[in-house]
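A quick write-up on the structure given underneath.
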Amino acid sequence: MGTGASYERLDRAVVIHNLRMARPRDIPCPCRALEATDATYAECCGRWHGGLAVGEHAPTPETLMRSRYSAYALAQGRGPASPAALEYLMQTWHPSTAPGDLELSPLKWTGLEIVHQETRGDAGVVEFVAHYKVNGRAEKLHEVSRFVLEDGTWRYVDGVIAANKER
Ligand SMILES: [Zn+2]
């Protein structure tokens, strides 16, 4: 996630305004919305969002992918969480490809499907379908994202939009 027109430039001061992830800890995790699971935000992606400040990182490309999806989901239209979620997205984006600043378009993310994930050494790929609504219409983003492990930390590098066989 991060390619395409989903972000625009934004004043950095707004992004770093509030680094704290001020979310209720017991909400269902956004990344699990399409799964039959009781995993709460605290048990799932909240752990990695909260871990940022203490150097605790998502241990695999898939967990990082999920946590970035959840950050997008929480960042859009949820008030106080937005700056912290944006900060998480920036911090988990490889410096070589990260945008200077990040602004999110008004989408409502409704669920994530992990199609395939693979790790070889310090490189990982995750193919996923992210579901969202824009202007009330259901849409999908089918993407293959690349991740790299550096200094013990997985980061998002870039993504390629996959041919969507379902359309
Ligand atoms: Zn999650």
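When the stretch 26-35 is examined, which residues are found to be within 17 Å of Val129 (Cβ to Cβ) and either more than 7 Å from the ligand (Cβ to nearest atom) or acidic (Asp, Glu) (or both)?
Residues satisfying the conditions are Ala33, Leu34, Glu35.
What residue, of Met1, Met65, is within 22 Å of Glu150 (Cβ to Cβ), of a type outside the set (D, E, K, R), more than 13 Å from the ligand (Cβ to nearest atom) and modelled with pLDDT of 60 or more?
Met1
Go through the residues of the stretch 150-167 one by one and say whether even a single one is free of Cβ contacts under 8 Å to residues at least 60 places away in the same chain, crowded, with 17+ Cβ neighbours inside 10 Å and at negative phi.
No, the stretch 150-167 contains no residue that is free of Cβ contacts under 8 Å to residues at least 60 places away in the same chain, crowded, with 17+ Cβ neighbours inside 10 Å and at negative phi.
Please work out if Glu87 is away from the ligand (no atom under 16 Å from the Cβ), touching a residue at least 40 places away in the same chain (Cβ under 8 Å), out of contact with any strand residue (DSSP E or B) (no Cβ under 7 Å at 6 or more places or on another chain) and not hydrophobic (A, V, I, L, M, F, W, C).
When the stated conditions are applied, Glu87 passes them.
Taking Trp93, is it touching a residue at least 40 places away in the same chain (Cβ under 8 Å), aromatic (Phe, Trp, Tyr) and touching a His at 6+ places or on another chain (Cβ under 7 Å)?
No, not satisfied.
Residue check: is Val115 over 21 Å from Gly50 (Cα atoms) and surrounded by 14 or more Cβ atoms within 10 Å (Cβ to Cβ)?
no
List pairs: first residue in the stretch 107-118 and of a type in the set (Gly, Ala, Ser), second residue surrounded by 15 or more Cβ atoms within 10 Å (Cβ to Cβ) anywhere in the structure, Cβ distance under 7 angstrom, at least six positions apart or on different chains.
Gly111/Ala33; Gly111/His131
Taking Glu103, is it in contact (Cβ under 8 Å) with a residue 24 or more places away in the chain and touching a strand residue (DSSP E or B) at 6+ places or on another chain (Cβ under 8 Å)?
yes
Considering only residues that are out of contact with any helix residue (DSSP H, G or I) (no Cβ under 7 Å at 6 or more places or on another chain), in contact (Cβ under 8 Å) with a residue 40 or more places away in the chain and closer than 22 Å to Cys44 by Cβ, which ones fall in the stretch 126-149?
His131, Leu141, Glu143
The values are calculated or read from the model by the stated rules, or taken from the named source; none is laboratory data. Every value quoted in this text rests on a predicted model; they were computed, and no experiment measured them. In this analysis, Cβ positions are derived from the backbone assuming ideal geometry, glycine residues included, and neighbour counts consider all displayed protein chains.
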